[in-house]
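Undergrad: Following this message is one structure expressed as structure tokens.
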Ligand SMILES: Cc1cc2nc3c(=O)[nH]c(=O)nc-3n(C[C@H](O)[C@H](O)[C@H](O)COP(=O)(O)OP(=O)(O)OC[C@H]3O[C@@H](n4cnc5c(N)ncnc54)[C@H](O)[C@@H]3O)c2cc1C
């Protein structure tokens, strides 16, 4: 069924209406992922306020039911999202932040403004129809409040900050299939390469640090902590007690007598947390601490506290993370 | 009046701050503990042109003037006073004496190597019996044919054990003594008869080797006379005058590091249920430190500006060294107090800084000598001449 | 290979502090520095040019004085040319405008085989300039490269190493292209003290143009994104405890770590 038939069926001119609609671009299986679902749910929220439709642009028709269940009124299947959406007169386009590059290409194509990685305040100004949103700068120290004012408005959403979306299996929606050919891939994949990042980066620049202390118990935990650090893409460090135990070397001792660190995540396992240690992690954006002693001073410096034996938490956590 | 740094000096500081924080700071404790200068980092600093910052590019320097040199010393001494002392002796007194009074030929011969760090310089004035009274030197230089032969001993010479070139003040005419009878020589340390003693065991600046230099009939060709025969004492005194400005800049860096560490600690450390930052006696120490540091900064960079604009600066230079070394000692001592037991821990830089800073009140002219210099300049302004 | 590297100068994170309770930014000093990822892009450009015969690097920045400072730094580090599109108003500009300016500036520089820039921008929503520029020029774009090298066998192609879950992978693209460089993917060289002083002493170190000289009028510079202001994350709270059985706690912990 094409748009004209559909318009006749519904008794309204859908082509004219799409100009004020919201388009959500989710290639691959994105619609079925938590990130894709969260963007669809946001689009639904805005559409209900504006009184317009939500279109999901997918590359795989298997994802269509999920897209509809999470809020789309219509699913469009295409191999070339940029080309397809460009021909649809969208007013608003939303994508997950993982697709920033795609969003930028679309924005350039439609000569529109784009806000990326919005974490808060996504809405439409009822008077000007500007698309507003706030996005963090300086690693989250503060946010810029931005408004897209061009005729077409695009934003990508940092879905980790959005509430989990719930599917409504009762929702129904149309699926349209376009026969646009897939664009020529620009890059040729060469597969895995033997590349090692230069080992110059000091601990002070680490973004994720798993740090251990005597409260870890035995040396056996050190290998597990190392495995956790690798799993999280971070580095293993420790406090002074860990160095005294020979678990880490001087270059990895966190403390004002060792290294001062400012990671995005500092995970302290079995670190009691004296001032010498805690004063050296004040630059960390998020601290999670695990220690068996509920009175451990590390908990005063931690955003999230777990009172438990680190030696019990560690293997369970590794298993849970897979 | 404009108190801003020029864009090039701001850019130089940015580079130096990054280099010192990222490369030098992690090695500072090691340098102190082993008592060994880090040759690797010195080589790197040479490649970056840090051994010739104030000198003109014509001789391989960076052309950053006294202000640029003060920025260098401030940033170095913030993280590693031992390395700062090596560079200070090399640039501030050794190479500086050549730069000030050397003939163009002698400068062309040695300055490019000195500026690139391919040759490390030392400044040989002090002797066992000539400290503050530098005019009492005895090291003899006798002319035989086309060369001088140097005989005697220097003492407490920074970079002595690692130097390739030493600027040595020697008596060429005992009848005239230092005033008119002393001459500066550029001595290559691989010359027969030259030897450096073992590094002295000092309380601080462990990574900056200081030693005795022995001269047993060391042959120095006539071309290696720096400046004019007989006027070496003037050259060395002029050199020390300038050196005091950058020494003041170095002390500024040390004091700033102490304040910075203290600010972090008073916020982090709690006693009696509140951060010690809340205690008034702590606040007063911080306020005093910050005030003295600000005064020192103004004095140092204004004096550097006097030097760069060819204005008289001798009195102010003495003040830089005097105020600077005492400010640094006081600030680091307060920082040590603020840190409590941690302050005396050998695992922490405050204890090292405290040991390193104290020497600032002694070398390159004790603070008593600085007061004499300042007073004599003051009195000269009202027509009174004094001698120490 | 003619490489153009895009640089952005931003307020040094060490020069201000954010008070979430007062909802205010306190600027202590007027200090700027290169956007960290741009610093890595500059190093990647210099390394690539150094490794290829006849390689050249031109640095390009738009904005006020800090942009000029970034270009002097690039010259001191070894960039052969620098183009400064000088306009205070461009500092907070949006991606569409910057892309437009860069396109015109590329033409002024005589084109490019490769444009490098940082994969993220610390202080603004400008990481979109890379893919926008590629789209505008019809060139390939690769995001967040760790290493760029000329393809060994074929002329005019480039190999880029990317970080993927589970290891590093490479892709090969044809030139001209736009590649963004991951932050901390290399160690930028230090400019030497003499080269810093030389850069500033050289009156021709920077080619300075206004947007108008690039043929851009006010309409071309009209923003598509307005900056309304700043907002602040909630004040940080400490001491939230995860409760429950060990299994519960671990599940909650895993969920938070996966964010
Ligand atoms: C680490 C270190 C590095 C050094 N590096 C060098 C170097 O590279 N090159 C070099 O030539 N020298 C160097 N010196 C030597 C330094 O310059 C002398 O130690 C300094 O000039 C003081 O001399 P002195 O030790 O003989 O003390 P003295 O001159 O014996 O003084 C002893 C005390 O008497 C006081 N005093 C002396 N004369 C008077 C006076 N007229 N009025 C009032 N008080 C007076 C002094 O202030 C001091 O308190 C170095 C010293 C040290 C500790």
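Undergrad: Can you compute the radius of gyration and Dmax for chain B, using only the Cα atoms, both in Å?
TA: Cα radius of gyration and Dmax of chain B are 20.9, 79 Å respectively.
Undergrad: So if I take the centroid of the Cα atoms in the range B:324-388 and the same for the range B:221-260, what is the distance between those two points in Å?
TA: Centre-to-centre (Cα) distance: 16 Å.
Undergrad: Also, I was wondering about something else. Show log10 I(q)/I(0) for the range A:17-177 at q = 0.12 Å⁻¹, two decimals, from a solvent-free Debye sum over equal Cα scatterers.
TA: -0.44
Undergrad: Now, a different point. Compute the helix-to-body angle for A:100-109: its Cα long axis versus the longest principal axis of chain A, expressed 0 to 90° and rounded to tens.
TA: Approximately 30 degrees, to the nearest 10.
Undergrad: For a Förster distance of 25 Å, can you work out the FRET efficiency between the beta-carbons of residue A:199 and residue B:47, rounded to the nearest 0.05?
TA: Calculated value: 0.75.
Undergrad: Would you list A:128, B:251, B:191, B:126 from fewest to most Cβ contacts within 10 Å?
TA: Values: A:128 11, B:251 33, B:191 15, B:126 20.
Sorted ascending by nearby Cβ count, the order is A:128, B:191, B:126, B:251.
Undergrad: Still on this structure, please answer the following. Looking at the range C:111-219, I'd like the Rg to Rh ratio, where Rg is from alpha-carbon atoms and Rh is Kirkwood's inverse mean 1/r. Kindly include the intermediate steps, with their values, before the conclusion.
TA: On the way: Rg = 17.1 Å, Rh = 16.5 Å.
Ratio of gyration radius to Kirkwood radius: 1.04.
Undergrad: For chain A, just run the numbers: alpha carbon Rg, then divide by 2.2 N^0.38 Å, N being how many residues it has. Walk me through the intermediate numbers first.
TA: Working: Rg = 24.6 Å, N = 322, 2.2 N^0.38 = 19.7 Å.
Dividing the Cα radius of gyration by 2.2 N^0.38 Å gives 1.25.
Undergrad: I would also like to ask the following. Modelled label-to-label distance, residue B:278 and residue B:21, 7 Å Cα→beta-carbon offset: nm?
TA: 3.1
Undergrad: Taking the Kirkwood radius as the inverse of the mean 1/r across Cα pairs, report the Rg/Rh of the range B:257-358. Don't skip to the end; give the middle numbers.
TA: Working: Rg = 16.1 Å, Rh = 14.8 Å.
Radius of gyration relative to Kirkwood radius: 1.09.
Undergrad: Here's something else I'd like to know. Against the empirical 2.2 N^0.38 Å scaling, what ratio does the C-alpha Rg of the range B:36-118 come to? Intermediate values should be presented prior to the final figure.
TA: On the way: Rg = 11.9 Å, N = 83, 2.2 N^0.38 = 11.8 Å.
My calculation over the Cα atoms of the range B:36-118 gives 1.01.
Undergrad: Could I ask something else about it? Antiparallel DSSP bridges in the range C:86-222: what percent, to the nearest 5? Don't skip to the answer; put the middle values down first.
TA: Working: 13 of 21 bridges.
Within the range C:86-222, antiparallel bridges account for around 60 percent of the total.
Undergrad: For the range B:174-252, report the convex hull volume of the alpha-carbon atoms normalised per residue, in Å³, without decimals. Can you show the working numbers first?
TA: Numbers: hull volume 11.1 nm³, N = 79.
Output value, Cα hull per residue: 140 Å³.
Undergrad: Taking every DSSP beta bridge with both residues inside chain A, roughly what % is antiparallel (nearest 5)?
TA: Close to 20 percent.
Undergrad: Roughly what % antiparallel, to the nearest 5, for the DSSP beta bridges in chain C?
TA: Numbers: 20 of 46 bridges.
About 45 percent, rounded to the nearest 5.
Undergrad: Expressed as cubic angstrom per residue, what is the convex hull volume of the alpha carbon set of chain C?
TA: Details: hull volume 43.9 nm³, N = 259.
Output value, Cα hull per residue: 169 Å³.
Undergrad: Let me have the 222 nm mean residue ellipticity of chain B computed from DSSP H runs of 4+ only, each contributing -39500 (n - 2.57), with the sum over all residues rounded to the nearest 500. Kindly include the intermediate steps, with their values, before the conclusion.
TA: On the way: 14 runs with 196 residues, N = 388.
-16500 deg cm²/dmol, from helical runs alone.
Undergrad: Evaluate the distance, in nm, between pseudo-label points positioned 7 Å from the Cα of residue C:258 and of residue A:49 along their respective Cα→Cβ axes.
TA: 2.9
Undergrad: Helix A:310-321 versus the longest principal axis of chain A: what angle, 0 to 90°, nearest 10, using Cα atoms?
TA: Between helix and principal axis, roughly 20 degrees.
Undergrad: Can you give me the C-alpha center-to-center distance between the range B:37-78 and the range A:166-222, rounded to a whole angstrom?
TA: The two parts, judged by their Cα centres, are 44 Å apart.
Undergrad: Using a Förster distance of 51 Å, how high is the FRET efficiency between residue C:157 and residue B:188, based on the Cβ-Cβ distance and rounded to 0.05?
TA: Numbers: r = 54 Å, r/R0 = 1.06.
With a Förster radius of 51 Å, E is 0.40.
Undergrad: Take the range B:122-231, compute every pairwise Cα distance, and split them into 10 Å bins from 0; I just need the percent in each bin.
TA: In order of increasing distance, the bins hold 16, 50, 28, 6, 0 percent.
Undergrad: Fewest Cβ neighbours within 10 Å first, please rank A:277, A:76, A:29, B:9 accordingly.
TA: Details: A:277 27, A:76 24, A:29 14, B:9 21.
Ascending Cβ contact count within 10 Å gives the list A:29, B:9, A:76, A:277.
Undergrad: Fewest first, what order do B:208, B:103, A:204 take by the number of other Cβ atoms within 10 Å? It would help to have the intermediate numbers written out before the result.
TA: Working: B:208 27, B:103 14, A:204 18.
With the fewest neighbours first, B:208, B:103, A:204 line up as B:103, A:204, B:208.
Undergrad: Another one. Between the alpha-carbon centers of the range C:1-68 and the range B:291-311, tell me the distance in whole angstrom.
TA: 31
Undergrad: As a check on your grasp of the helix formula, calculate [θ] at 222 nm for chain C: sum -39500 (n - 2.57) over DSSP H runs of n ≥ 4, divide by the residue count, round to the nearest 500. It would help to have the intermediate numbers written out before the result.
TA: Numbers: 6 runs with 74 residues, N = 259.
So the helix-based figure for chain C works out to -9000 deg cm²/dmol.
Undergrad: Calculate how steeply helix C:36-51 sits against the longest principal axis of the alpha-carbon atoms of chain C, using the helix alpha-carbon long axis, and give the answer as 0 to 90 degrees to the nearest 10.
TA: Roughly 40 degrees between the two axes.
Undergrad: Suppose a student asked you for the relative contact order of chain B, using Cα pairs under 8 Å spaced at least 6 residues apart; what percent would you report?
TA: On the way: 758 pairs, mean separation 61.4, N = 388.
This gives 16 percent for chain B.
Undergrad: Now a separate question. Given labels modelled 7 Å from the Cα in the Cβ direction, how far is it in nm from residue C:220 to residue A:318?
TA: About 5.9 nm, to one decimal.
Undergrad: For the protein assembly as shown, divide the Cα radius of gyration by the Kirkwood radius and give the resulting Rg/Rh value with two decimals. Display every interim value, and only then the final one.
TA: Details: Rg = 32.8 Å, Rh = 31.6 Å.
With Rg and the Kirkwood Rh in hand, the quotient comes to 1.04.
Values quoted throughout were computed directly from the atomic coordinates according to the rules given, and no laboratory measurement underlies them. Only a predicted model underlies this, so the values are computations on that prediction, with no experimental measurement involved. All Cβ positions, even for glycine, are placed from backbone atoms using ideal geometry, and neighbour counts span all protein chains on display.
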